[in-house]
Amino acid sequence: MNDKYAPNEIEAAARQHWNERDAYRVTEDDSKPKFYACSMLPYPSGKLHMGHVRNYTINDMLTRQLRMKGYNVLMPMGWDAFGLPAENAAMKNKVPPAKWTYDNIAYMKGQMQAMGLAIDWSREIATCTPEYYKWNQWLFLKMLEAGIAERRTQVVNWDPVDQTVLANEQVVDGKGWRSGAVIEKREIPGYYLNIVKYADELLDAVANPASPQYLSGWPERVRLMQENWIGKSEGVRFAFPHDIKGADGQAIQDGKLYVFTTRADTIMGVTFCAVAPEHPLATHAAQGNAELAAFIEECKKGGTTEAELATQEKKGKPTGLFVTHPLTGDKVEVWIGNYVLISYGDGAVMGVPAHDERDFEFANKYGLPIKQVVAVEGETYDDKRWAEWYGDKQKGVCIASGLLDGLGYKAAVDKVAELVGAKGLGAKKTTWRLRDWGVSRQRYWGTPIPIIHCEDCGAVPVPEQDLPVVLPEDCIPDGSGNPLNKRADFLNCACPKCGKPAKRETDTMDTFVDSSWYFMRYCDAKNGEKMVAGGTDYWMPMDQYIGGIEHAILHLLYARFWTKVMRDLGLIKADEPFTKLLTQGMVLNHIYSRRGEKGGIEYFWPHDVDNVYDEGGKIIGAKLKSDGSAVDYEGVGTMSKSKNNGVDPQELINTYGADTARLFVMFASPPEQTLEWNDAGVEGAHRFLKRVWGYAAKNADAIKAAGTDFAALSADGKALRREVHLVLKQVSYDYERMQYNTVVSGAMKLLNALESHKTADAASREGLSVLLRVLYPACPHIGHTLWEQLGFAAELGDLLDAPWPTVDESALVQDEIELMLQVNGKLRGTIKVSAGADKAAIEALAVAHEETIRFAEGRPVKKVVVVPGRLVNVVA
């Protein structure tokens, strides 16, 4: 074998070997335990980044090690290929999104293959292909039939630049997350999926440990994020009666302004009501009132999420309208408030400024009354301190509240529900922060919604036999709206019911639809007759899902919802899609920048600067290598093309080999923690692999000739064997808990032990075979090559399916043990004793030891203390 480690050469040969064997094709096999491990599918943006490398290497290590342990392991891959970035790239490059997407897929797939990932490419899917999105359309129609999907009109976030609806999470500071345009609130029709119907079940699995569906294999913080997003609230929905009439002479909303509150115990503290700018009372009040109309228009450009509304300045206008308090009969003024969401409850809130921070801020700003109706024993109400104690519902009792006086929170809520119920004005109710999922998007590059609009028949579902509705792949968006509206060959069709000319729906589906079930399609990827089939029954639920924390809410929530819908429609058996979840940490790198004369920021690559350090060795700045000019140091942050701090995996692979890249990202930190990029660490990983190769090359002939006679080993050989099996025991445990950084540490310990052992004997041979198997899941190319060249394949088979080494407990038994020797409590050396030596024998050896005689200085030994397995202390 070659003396020098040549990664590019050995990696190409290893991949050729696996390709010729079709080594990673997986089929259902009931004779083995199954394990389905999957990384979140990437968006084909052009190139892999180091976050991808880390994610997929974690998955690959899991897959390879479990395969060696006898599992039937599936690791598939696909492409989340629809979405707005492709449209933006198309506008920029004047090419169809399809071409840009497919070109990127080809390049990124090549990068993945260069990494040596054990992916079953026979199951590859791309969500932009008709073979895939046909089933999006098919299930959508099934949801329509089941009443889970419906068409309705709702206020949405409209991006006037991208000409599309945005989800609340895509609106940042009132602006579109991509365009930066000020978002408008528009009322438009679209299709919604009734995810709220599943809210209780979705919540139970993340919040109730007693639930049979409880996701104990998920990180606690992800469960909490899901719980908070679902946001169950139990309270009372009740009405403030009024006689405000609309233009038709009828009382608006039947003369009832409904609100929902979790704090009905504070009902006697209401001093105003606030309605959303879109509320019918607000619209009525603004008729003929230019000031109110202008304010409503201003509000339409404000925040659209609860988080944004909580931080923005509270603004309001009085409507001049009044409603009646349901219990006191007092008149209550109605205001329009920019902090009230039309989508939450009934789009109106009762204002209790004495006991609600938001209302308190609003009332103080506009001089509205503040009335305390809850008191806590031993506390004095203070407008600077009340919020500190009010949050605990169990502390307070009602005051200044008539029939409610003296009642605690629960009793008061029950009483209010009874009182308003008796008047026919309300009842207890559960509400959710979770909203039904609007899936209509006014974009081209997505799954066509399978609906045909007929003037006579209305919205007509496309017949199942006509699926898929194929998206034209040659459109080039120009920023002037959805290009499908200009495609007569797509738009014009016949009504399936009456046969008259009709128009296709040009809205496409939210891309979260694509990623909500792709993991099930992997199981039956090539089945053209069914969305899912026997493969899904075998593989689902997924045993291990791996992806970034940024997907902890929406993607995971939608995937869970989609799974439950498919279950209820009889397509699958699983209740939850993902048994275990690992959210890997981000890859960070240093960021260097400089603000130009005109205010723009220029970013510099880390390799183009020299750091400037303070006396403590902390980076305080940098200088350009080219001209020595000063550059600002911004610390570390997520790798990003825009900030010039990314590392191209392909360059790393070309320079050091894929195994080095894989080894570094696994060794640098535990999988769930962030990883800070370090060029020296990459070089260190490469040096380690060179050492592995060098040891194997140097000792190849002796290792091949060495037998397996462990009984004939020298004391040093037995010591090496004990060290090997101790490390193997720890590494096997580390594999089970996916702590791959310590797995790599274990491999390094094994190499150190082998290099320290000067004789190539049976212990060396066994130790090297263990090292190669321990290292192989992280570095498969070098592992495979050395396994073959050292003759282990002839004995144990291809390393891909070689048995995982087992710990030989007999190897851990020591003939001799080393004890610390103390004289009068001070450490004076060590002594070796037989592992089976009794206390008397240990005492005799300790008393006779030369260091004991030296430091006793002729004094007689008074006593000897033996701590078994640790030390012996001679007192003289």
Selected residue (only one of Val865, Val874, Val833 is in a strand (DSSP E or B) and closer than 13 Å to Glu818 by Cβ) = Val833
Among the candidates Arg67, Arg15, residue that is in contact (Cβ under 8 Å) with a residue 40 or more places away in the chain and either of a type in the set (Phe, Trp, Tyr) or more than 30 Å from Gly646 (Cα to Cα) (or both) = Arg67
Residue pairs within 6 Å by beta carbon, gap of at least six or interchain, first lying in the range 267-284 and closer than 18 Å to Val420 by Cα, second at pLDDT 95 or above and assigned to a helix (DSSP H, G or I), listed first then second, are Ile267/Val416
Which listed residue, of Ala199, Ala239, Ala149, is of a type in the set (A, V, I, L, M), out of contact with any Ser or Thr (no Cβ under 6 Å at 6 or more places or on another chain) and assigned by TED's automatic domain parsing to the domain that holds Val413 | Ala239
Examine the range 688-700 for a residue that is closer than 30 Å to Pro219 by Cα, within 33 Å of the chain's Cα centre (by Cα) and modelled with pLDDT of 95 or more, and state whether such a residue exists.
-> no
Within the range 18-44, of all residues that are in a loop (DSSP other than H, G, I, E, B) and aliphatic (A, V, I, L, M), the one surrounded by the fewest Cβ atoms within 10 Å (Cβ to Cβ) is Ala23
Exactly one of Ala400, Ala422, Ala417 is at pLDDT 95 or above, more than 36 Å from the chain's Cα centre (by Cα) and on the phi > 0 side of the Ramachandran plot, and that residue is Ala400
Before we move on, is Asn72 surrounded by fewer than 21 Cβ atoms within 10 Å (Cβ to Cβ), touching a residue at least 60 places away in the same chain (Cβ under 8 Å) and on the phi < 0 side of the Ramachandran plot?
-> no
Within the range 144-171, the residues that are crowded, with 20+ Cβ neighbours inside 10 Å and closer than 19 Å to Trp517 by Cβ are Ile148, Ala149
Among Ala90, Ala14, Ala23, the single one that is within 29 Å of Thr638 (Cα to Cα) and among the hydrophobic types (A, V, I, L, M, F, W, C) is Ala90
Since Asn752 meets every condition but one in (1) more than 24 Å from Tyr56 (Cα to Cα); (2) touching a Leu at 6+ places or on another chain (Cβ under 8 Å), which condition does it not meet?
-> (2)
Which members of the range 836-862 meet the condition of being surrounded by fewer than 17 Cβ atoms within 10 Å (Cβ to Cβ), charged (D, E, K, R) and either assigned to a strand (DSSP E or B) or at negative phi (or both)?
-> Asp838, Lys839, Glu850, Arg854, Arg859, Lys862
Boolean, Lys598 is over 30 Å from the mean Cα position of the chain (by Cα) and modelled with pLDDT of 95 or more = no
Among (1) in a loop (DSSP other than H, G, I, E, B); (2) crowded, with 19+ Cβ neighbours inside 10 Å; (3) over 33 Å from the mean Cα position of the chain (by Cα); (4) of a type in the set (A, V, I, L, M), the one test that Leu786 misses = (1)
How many residues of the range 54-77 are closer than 29 Å to Glu676 by Cβ, in contact with a Leu (Cβ under 8 Å, 6 or more places away or on another chain) and of a type in the set (A, V, I, L, M)? The answer is 3
Pick from Lys197, Lys185: which is in contact (Cβ under 8 Å) with a residue 24 or more places away in the chain, touching an Asp or Glu at 6+ places or on another chain (Cβ under 9 Å) and not in a strand (DSSP E or B)?
-> Lys197
Somewhere in the range 173-190, is a residue closer than 30 Å to Glu576 by Cβ and either crowded, with 20+ Cβ neighbours inside 10 Å or of a type in the set (Gly, Ala, Ser) (or both)?
-> yes
Specify the residue that is surrounded by the most Cβ atoms within 10 Å (Cβ to Cβ); the eligible residues are those in the range 466-503 that are within 38 Å of the chain's Cα centre (by Cα) and of a type in the set (Gly, Ala, Ser).
-> Gly481
For the range 820-836, indicate whether the set of residues that are at pLDDT 95 or above and within 20 Å of Pro7 (Cα to Cα) is non-empty.
-> no
Grab the helices (runs of 4 or more DSSP H) fully contained in the range 447-549, keeping just those with 3 or more residues being over 30 Å from Asn55 (Cα atoms).
-> 488-491
Cross-chain or 6+ apart pairs with Cβ under 6 Å, the range 849-862 first and small (Gly, Ala, Ser), then crowded, with 17+ Cβ neighbours inside 10 Å and not in a helix (DSSP H, G or I) = Ala856/Ala876
Restricting attention to the range 713-766, which residues are more than 30 Å from Asp543 (Cα to Cα) and charged (D, E, K, R)?
-> Asp716, Lys718, Arg721, Arg722, Glu723, Lys749, Glu755, Lys758, Asp761, Arg765, Glu766
Can you name the residue in the range 504-529 that is within 13 Å of Tyr133 (Cβ to Cβ) and small (Gly, Ala, Ser) and is also surrounded by the fewest Cβ atoms within 10 Å (Cβ to Cβ) among such residues?
-> Ser515
Filtering the range 110-151 down to residues that are of a type in the set (D, E, K, R) and farther than 27 Å from Lys99 by Cα yields Lys142, Glu145, Glu150, Arg151
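The values are calculated or read from the model by the stated rules, or taken from the named source; none is laboratory data. The structure displayed is predicted, hence computed values, not measured ones. Positions of Cβ are backbone-derived with ideal geometry, glycine not excepted, and every protein chain shown enters the neighbour counts.
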